[in-house]
1. Select from the range 31-47 the residues that are in a helix (DSSP H, G or I) and surrounded by 18 or more Cβ atoms within 10 Å (Cβ to Cβ) and list them in ascending order.
2. Would you check which residues across the range 29-66 are more than 15 Å from Cys80 (Cβ to Cβ) and among the basic types (Lys, Arg) and list them?
3. When you scan the range 67-83, do you find a residue that is farther than 21 Å from Glu164 by Cβ and surrounded by 18 or more Cβ atoms within 10 Å (Cβ to Cβ), even just one?
4. Of these, Phe36, Phe63, which one is farther than 21 Å from Glu164 by Cβ, in contact with a helix residue (DSSP H, G or I) (Cβ under 9 Å, 6 or more places away or on another chain) and modelled with pLDDT under 95?
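The values are calculated or read from the model by the stated rules, or taken from the named source; none is laboratory data. Nothing here was measured: the structure is a model prediction, and the numbers come from that model. Counting neighbours? That spans all protein chains shown, and the Cβs are built from the backbone with ideal geometry, glycine included.
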Amino acid sequence: MEQAQLVAGLRNRSEEAVAAFLERYRPLLFHCIGHFESEPVSRDDLYQELVLYALERLDADRFDPSKGSLGTWLYRVAWCRCVDLRRKQSTQRAMQLTSMGDHVPDRPDPQPGPGEQVGDAEIGDLVRRALVCLEGEERSLLDLRYMQGQTLSEIADHLGISSEQAKYRLKRASTALRKVLLNEFSLEKMATAAGYIEKTQAS
């Protein structure tokens with residue numbers, strides 16, 4: 001697939017173009033990721049983040065073929081994104097350490113308190129309501145993964161696609177759910193609900 005055809009297909013979210021993109025540029029993205037992450041799980045998560053971010057940049061017409069190849073542009077975008085994410089993580093860590101002050105407990109209490117239990121129930125209700133707003137495939141993917149507890153391999157077999165495509169679609173579905181929570185529900189609850197989705201993804 002030629003570069004111009006690939007870019008056009010990616011902007012239209014053609015399954016053939018997405019599959020070609022993932023296969024062609026996976027080594028390049030992981031080469032970039034290797035400078036920032038060493039843990040396999042973190043590397044996979046960052047890979048999914050970079051794929052979605054690159055597609056969003058393509059949608060915004062940020063790729064100019066007259067200035068270089070898609071691969072060169074993609075590596076530069078991925079590197080800058082990794083740097084930005086690393087800075088955000090460092091800032092968050094510093095804020096957490098500052099907020100803890102001098103009082104550091106020996107070990108965290110594994111049992112949620114009454115307030116947390118009520119909060120989790122309320123957030124769970126928000127998520128279930130938001131799922132109704134998603135498209136059928138997105139809702140089905142999230143149900144298979146988080147409600148039924150299927151592995152990525154099982155989801156891929158169920159849909160007849162590769163595990164890598166299953167990862168990509170699942171990440172896209174999670175992003176769509178987060179957008180529904182942020183756009184459709186009250187500002188008072190949106191940050192907590194969005195955090196719930198991130199916590200669920202991490203698990």
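1. Let us first name the residues in the range 31-47 that are in a helix (DSSP H, G or I), namely 31-33, 40-47.
If the condition is that a residue be in a helix (DSSP H, G or I) and surrounded by 18 or more Cβ atoms within 10 Å (Cβ to Cβ), then Cys32, Ile33, Leu46, Tyr47 are the ones that fit.
2. Residue satisfying the conditions is Arg43 alone.
3. Of the residues in the range 67-83, the ones farther than 21 Å from Glu164 by Cβ are 67-69, 72-73, 76, 79-80, 83.
If we keep only those that are surrounded by 18 or more Cβ atoms within 10 Å (Cβ to Cβ) as well, we get 73.
Checked the range 67-83: at least one residue is farther than 21 Å from Glu164 by Cβ and surrounded by 18 or more Cβ atoms within 10 Å (Cβ to Cβ).
4. Working: Phe36 fails: farther than 21 Å from Glu164 by Cβ.
Of the residues listed, the single one that is farther than 21 Å from Glu164 by Cβ, in contact with a helix residue (DSSP H, G or I) (Cβ under 9 Å, 6 or more places away or on another chain) and modelled with pLDDT under 95 is Phe63.
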